[in-house]
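To start, the structure itself, in structure tokens.
Each value in this text was obtained by applying a stated rule to the coordinates, not by laboratory testing. Small disclaimer: the values here were computed from a predicted structure and weren't measured. So basically every Cβ, Gly included, is an ideal-geometry build from the backbone, and we count neighbours across all protein chains shown.
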Amino acid sequence: MLLEVRSASGYRPADKEEVLLAAARYAVMDTPRENASSPKNAIEALRRYLGPLEREMFVAMWLDSRNQVLDFDVISIGTVDSAVVPVREVARKAIERNAVGCLLAHNHPSGEVSPSPADEAITRRVQSALALFEIRVLDHFVLGREKAYSFAEHGLL
């Protein structure tokens, strides 16, 4: 079965990353709407699908006041070693989704899950921007093929 996506000239076959992203979105949204303060199931789904990607992808899971997943958005698709994360776009999506909190995640195609100084800086910038709208960043995950790194678990949030 061939998965197709709409393009300006009609439909075309989906590439590997589009298929994995669609699977990640399905897995996250199909996860029982349990409390996301222990987001292990959603993070495993994200790691399984985003970990193998060959380009960095920055995503957000939006949470309601009971920390249940409202929605899932791709914020940015980058290169093999970086992704530009427009803070304005993160804030716009959070407000559109009427989110009270969020979980951020991005993959490292290298498989190394230690956050870079740039990862730490963007997390602080997003956290500061969303705080203006009383939206909490509960965690930021760096995903590799085999592992995941939690900013909250390591005291970086």
message: How large is the convex hull of the C-alpha atoms of segment 78-157 per residue, in Å³?
response: 89
task: Rank the residues Asp139, Asp71, Asp15 as a footprinting-exposure proxy: fewest other Cβ atoms within 10 Å of their Cβ go first.
output: Asp15, Asp71, Asp139
message: Counting just the Cα atoms, what span does segment 98-143 cover along each of its three principal axes? Round to the nearest Å and put the largest first.
response: 34, 18, 11
